[in-house]
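K.L.:
Quick one: the structure is below, and I'll ask about it shortly.
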Amino acid sequence: MKAIKKSLTEEEYLYLDFSHQTKGCIFPLHTSVTLFLLSYCDCKIFKICLVVTKEVSQWTRLCELTIPLAIENFLRDSSDQPPTIPIEILQLEKKLSEPVRVHNDDKLRRQKLKQQKADGVGPPLTKGKAKSKVHTQETSEELDSSFKSLELKVAFSKLTVQEEPATTNREPSHIRKAKASDLPPLEHVFAEGLYFTLADIVLLPCIHHFLVIISRKFSEKLVEFPLLASWYQRIQEVPRVKTAASKCGIQFLHLPKLLTTSTEQHPNLSEVPDVEEQSDPLFIGGPRPTMAKLMEKGIEVMFSPHPCPTWTLDWNVLPAAVSPKEGKMSSDRALRKQQQLNNLVYVVTNQAKPGDRIVDFCSGGGHVGIVLAHMLPSCQVTLIENKELSLIRAKKRSDELGLSNIWFIQANMEYFTGMFNIGVALHACGVATDMVIEHCIKTRASFVTCPCCYGFIQNTSKFNFPKSEQFKKTLSYKEHMILCRFADQTAVQLPPQRRLIGKQCMCLVDLDRARAAEECGYSVQVISMEPESCSPKNNMIVGVPI
């Protein structure tokens, strides 16, 4: 899929619904959202025509469909009686109160703990439920200062295409040795967590119109949405948002600073259903009872033999831009990345045929896609990645190599609908691996995936765990989550016996994925990459349609 660039002199006509205009606001709401999106992106290739008409995950559906529709209905209610707040708005407020889970969040949470200790803000969270309290103005300002020093810096580093802020000095011993349960949670900056995404762009016009009505007619209800109000204020700091809003006739409100309170002060929030089923973060007991239960049913840890454990690319003769050493990483990490690539490249090059389309999902800086495009000039390679900075790096390396068989798409993978023959993913986090496998199965394509972040696996609108019928008959969802949690405990710093159990849990989780793919007509192997030291997450799931 190659993007077709149009000159700014060529204009495409885009027709949007127009029903009526009220005080500068164009309805229906999806028209307002579209105009804001085009304005924010400074898109000039469309000529907008307003015409009079008669009129993905649960989280994506909530942000991009359900909330806009709910608010449109809310705006149509012209009654002066206290309104019934849409349940979708309450869901969003509740979602913003939940801790953020991101890749490498342990590292960020330790940085936050170090910052809190330095600022004397307070002790970290302890095991069990946190005690609810209403912060005083002074405490709120202290917390806000600490918050801006880490989460907001991390968030805005992405918006300015810069590296995330990192600490150059090694953390003190008491920070390094702090238990994960004692680390402070990361708080929401934007709708989906730390990073500004399409969901924020879609939600902004919706929440703006909602807050306009609330502040004008029922201002006493604003106190029920302190997190939503904070998000609304924060998003205005994003580059180009105010300019785009001004062009669309959106005049931002100046809301009073609301004190953050727990859900216990707002019982309605405690009754709001979750956007998606969440796994219980506190598990009792270890993985051994669950593993024993599987063994009783004949399900044991089992790896397929590596097809060629000593095979390696000749990195010394390859162009420099092919090597991950060109990326911003240490020499030790670059060596491990080369070893990981050896495994994936061997499997893919032995499967690929001239003319095949290969998709590198969650491509990052293009380590996998670039070496495949270089090694397989007769194949077409597409990199799909939602982070702009990563694709900029990949494009730069591709240009240096003069590759003509490589394409780049900046998007979430669920929006990709093209046909392909082989799907590849190196360290796709959590259910991203399952999304890749699902894409491949729908297209009847082969897949070569290396999973990561097993602890982030949880039920979604698309996936329920366990996935395979064999595992479903044996394990409950909670028991499977125990395996996922312990599958993440494979770091080299851990004791050998603990790492071994982690490796076994990793294999069992991936065996469930393999069995589910086999039920869809695939031949699947779970292989341990060589050398084992190339990564703590060194499993490969290789599937070929029968």
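The values are calculated or read from the model by the stated rules, or taken from the named source; none is laboratory data. Keep in mind it's a predicted model, so treat the numbers as computed, not measured. Counting neighbours? That spans all protein chains shown, and the Cβs are built from the backbone with ideal geometry, glycine included. When the accessible area is computed, the model is the full protein with side chains, heavy atoms only, and any ligands, DNA or RNA have been set aside. Shrake-Rupley method; radii C 1.70, N 1.55, O 1.52, S 1.80 Å.
K.L.:
Please verify whether Glu469 is among the acidic types (Asp, Glu), on the phi < 0 side of the Ramachandran plot and open to solvent by 50 Å² or more (accessible area, probe 1.4 Å), treating the condition exactly as stated.
P.N.:
It is true that Glu469 is among the acidic types (Asp, Glu), on the phi < 0 side of the Ramachandran plot and open to solvent by 50 Å² or more (accessible area, probe 1.4 Å).
K.L.:
Taking the conditions exactly as written (of a type outside the set (A, V, I, L, M, F, W, C) and either open to solvent by 50 Å² or more (accessible area, probe 1.4 Å) or at pLDDT below 70 (or both)), does Ser79 satisfy them or not?
P.N.:
yes
K.L.:
Follow-up. Among (1) open to solvent by 10 Å² or more (accessible area, probe 1.4 Å); (2) over 23 Å from Ser390 (Cβ atoms); (3) modelled with pLDDT of 70 or more, which single condition is Thr197 missing?
P.N.:
(2) is the only condition that Thr197 fails.
K.L.:
Among the residues of the stretch 383-405, write down those that are open to solvent by 40 Å² or more (accessible area, probe 1.4 Å) and not in a helix (DSSP H, G or I).
P.N.:
Asn386, Lys387, Gly402, Ser404, listed by residue number.
K.L.:
Give all pairs with beta carbons closer than 9 Å in which a residue from the stretch 328-353 that is under 21 Å from Leu389 (Cα atoms) meets a residue that is open to solvent by 40 Å² or more (accessible area, probe 1.4 Å) and among the polar types (S, T, N, Q); count only pairs at least 6 apart in sequence or on separate chains.
P.N.:
Pairs that qualify, where the first residue is under 21 Å from Leu389 (Cα atoms) and the partner is open to solvent by 40 Å² or more (accessible area, probe 1.4 Å) and among the polar types (S, T, N, Q): there are none.
K.L.:
Right, next: Taking Ser270, is it hydroxyl-bearing (Ser, Thr, Tyr) and at pLDDT below 80?
P.N.:
yes
K.L.:
Determine the pairs where a residue that is assigned to a loop (DSSP other than H, G, I, E, B), located within the stretch 208-232, has a partner that is among the charged types (D, E, K, R) with Cβ atoms under 9 Å apart, the partner being 6 or more residues away or on another chain.
P.N.:
So the pair list comes out as Phe225/Glu93.
K.L.:
Among (1) closer than 21 Å to Leu62 by Cα; (2) out of contact with any strand residue (DSSP E or B) (no Cβ under 7 Å at 6 or more places or on another chain); (3) surrounded by fewer than 22 Cβ atoms within 10 Å (Cβ to Cβ), there is one condition Leu203 misses while meeting the rest; what is its number?
P.N.:
Here Leu203 meets the rest and fails (3).
K.L.:
Is there a residue being modelled with pLDDT of 95 or more, assigned to a helix (DSSP H, G or I), closer than 20 Å to Cys450 by Cβ and in contact with a Ser or Thr (Cβ under 8 Å, 6 or more places away or on another chain) anywhere in the stretch 374-382?
P.N.:
Yes; the residues of the stretch 374-382 include at least one that is modelled with pLDDT of 95 or more, assigned to a helix (DSSP H, G or I), closer than 20 Å to Cys450 by Cβ and in contact with a Ser or Thr (Cβ under 8 Å, 6 or more places away or on another chain).
K.L.:
One residue is enough: does the stretch 333-353 have a residue meeting the conditions open to solvent by 30 Å² or more (accessible area, probe 1.4 Å) and among the small types (Gly, Ala, Ser)?
P.N.:
Checked against the condition, which is being open to solvent by 30 Å² or more (accessible area, probe 1.4 Å) and among the small types (Gly, Ala, Ser), the stretch 333-353 yields no hits at all.
K.L.:
Looking only at the stretch 293-329, count every residue that is of a type outside the set (D, E, K, R) and assigned to a helix (DSSP H, G or I) and tell me the total.
P.N.:
Residues that pass the stated criteria total 6.
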